[in-house]
Structure formats: C-alpha cells, structure tokens
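Data block below; observations after.
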Amino acid sequence: MNMASNNPILVVALDIPDKKQAFDLADKLKDKPVILKIGWMLYPIIGHDGLIELSSMFNGRLFLDFKLHDIPSVIANGVVNLMKTVSFEILTLHATGGTSMLEQSVKARDLAFTNGSECSQKPKLLGVTILTSFDAVGLKQVGFGFENPNDAVMNLASLAKECGMDGVVSSVHEVSELKRNLGDDFIVLTPGIRPEGSDKGDQARIATPSEAKELGSDYIVVGRPITKSPDPLSVVEQILHVLNT
Ligand code: C5P
C-alpha cells in the first residue's frame, strides 16, 4: 500500500468487546486492501499474542491507536520494544507529550528500523492533537490557552511536524487547513466517517467516504458501520468502491 495515490486508505476500527468475534471479522477482511485499527477496547482481551496473530494475518497492516503519553525515555524505549515484537504500520502518540517525547520517539523509531525490527516498512508515527470530545470549556479546564479547539489542533500539528512526526489524527473538517499549513505530504488520518445513510452513533462531526476523499484525507477510519453490520464485508466493499472511483 502506498501514499502515492490520492485515494484514502480504509482503516477498519476493530472496536469489538469479544475476542472470537474480533478474530472472525478480521478473518473475513484479511484479503481486502484495508488496515485494522486496534485500540484500547480490544487490546486487553487479545493481549500481545493476539496482536501478533492479527499482525501476521494482515501482513503488518495494523494501526495501533495507543495514544501514548509519558516521559520521553519511557515512550521512546517502548516504541523500540513494540517494533521488536510486532509488525505494524501506524502508531499514535499524544502531541501534547511535547517536543522531547516526540523527537526522541521519532529518533528511536528510525534507529530501531535501521537496526532491524519486526516491521517490514518503517512505521508511521502520528500525533493525536485535541480529541474531538473536547470543547472550548473542556480545553480551558485542562489549562490550554487557546480560545477554540481548532487553534490548539493547528498548533499541536505544527509541533508534531517540527518534531519529525509523519502526520496527525484529526476531524475531517480540519484536513484542508492542515494540508494548506503543513503540506500535502503531512499525513492526515480521519475518524468520524459514515457511509451514506448510516447511523451517526456518537460522532458529532462526520463526513462520507467520498467527502473525506474530496477533502484530502490520507486514511479514513470506519468502525461501527462495519462492525455492527450483519454483512460487514459488503459495507467494506461499498466503501472501497467509493474510494476507488
Ligand atoms: O465506530 P466509529 O466509526 O465511530 O469509530 C471511530 C473510531 O475512531 C474509534 O475507534 C475511535 O477511537 C476513533 N476516534 C474517534 N474520534 C477521534 C479519535 C479517534 O472517533 N477524535
């Protein structure tokens, strides 16, 4: 899979509270050109062995949405240890971890990849900026000096880029501004994507796959419209059709 085309890559969020169901769905999707997103809902019930198993089913096409944030040496060494044990494509770190945490993690990732790891391609490190669950009041409560979340997102995305990160996670409505400010090569991965006519769930700011493609998303994340469908494979096929036409 490469970033040369303008078609976004589909990421399926495997947010399923049951190991067997998660592996059954993964098995159905493994031959499709999709990436699996593993996050905090699934990891505790599959464990590291389960992660390694999913990675080998998907040839390393995993997005580990671990949203890491700790002192620089802990995160950087953890990134190396992760790369030594499992092949993956994308990992998230909180951009609010700051310059040293981000820079040291990028350096550690580069060195681990050169020295040899389980990863067949250099994994991309993406910064989490401001979670979409934050509003202006919530931001103020945690001590951010920005009037609105969008300014905080742009500030953190610039910081991530300066530190050598490959891109950020953002709402689809911020993609154009991020690409304008930080360049087309700076990866933007967007959750909150809903195929035409599907339920919004708890996502407030949504877009369809074709809108996300139009706006320039590099990766689109779709979870429940696929995981809760009686026919997940056909939902995936419909989305892939829209993205590739
Ligand atoms: O089920 P749904 O398509 O809403 O799944 C969205 C996925 O994207 C979830 O795994 C969630 O963690 C993730 N996400 C999000 N909003 C963010 C960041 C991540 O919905 N701001």
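Here are some notes:
- Unmet criterion (only one of (1) crowded, with 22+ Cβ neighbours inside 10 Å; (2) under 16 Å from the mean Cα position of the chain (by Cα)) for Ile239: (2)
- The range 220-236, residues that are surrounded by 16 or more Cβ atoms within 10 Å (Cβ to Cβ), hydrophobic (A, V, I, L, M, F, W, C), in a helix (DSSP H, G or I) and more than 9 Å from the ligand (Cβ to nearest atom): Val235, Val236
- Applying the criterion of at least 1 residues that are of a type in the set (Ser, Thr, Tyr) and out of contact with any helix residue (DSSP H, G or I) (no Cβ under 7 Å at 6 or more places or on another chain) to the helices (runs of 4 or more DSSP H) found wholly in the range 77-171 leaves 99-115.
- Identity of the residue in the range 46-87, among the hydroxyl-bearing types (Ser, Thr, Tyr) and buried (at least 17 other Cβ atoms within 10 Å of the Cβ), that ends up nearest to Lys124 (Cα to Cα): Ser87
- When each of Ser217, Ser210 is tested for being more than 15 Å from the ligand (Cβ to nearest atom) and touching a residue at least 12 places away in the same chain (Cβ under 8 Å), the lone residue that passes is Ser210.
- Residue satisfying all of: in the range 139-176; among the charged types (D, E, K, R) and more than 16 Å from the ligand (Cβ to nearest atom); nearest to Thr92 (Cα to Cα) among these: Asp166
- Here the range 11-25 is the region considered, the condition is being assigned to a loop (DSSP other than H, G, I, E, B) and within 15 Å of the ligand (Cβ to nearest atom), and the residue that is farthest from Tyr219 (Cα to Cα) is Pro17.
A short reminder: the numbers here are calculations on the coordinates, not readings from a lab. Because the structure is predicted, anything quoted here is derived from the model rather than measured. Because the Cβ atoms are built from the backbone with ideal geometry, glycine has one as well, and the counts that use them run over all protein chains shown.
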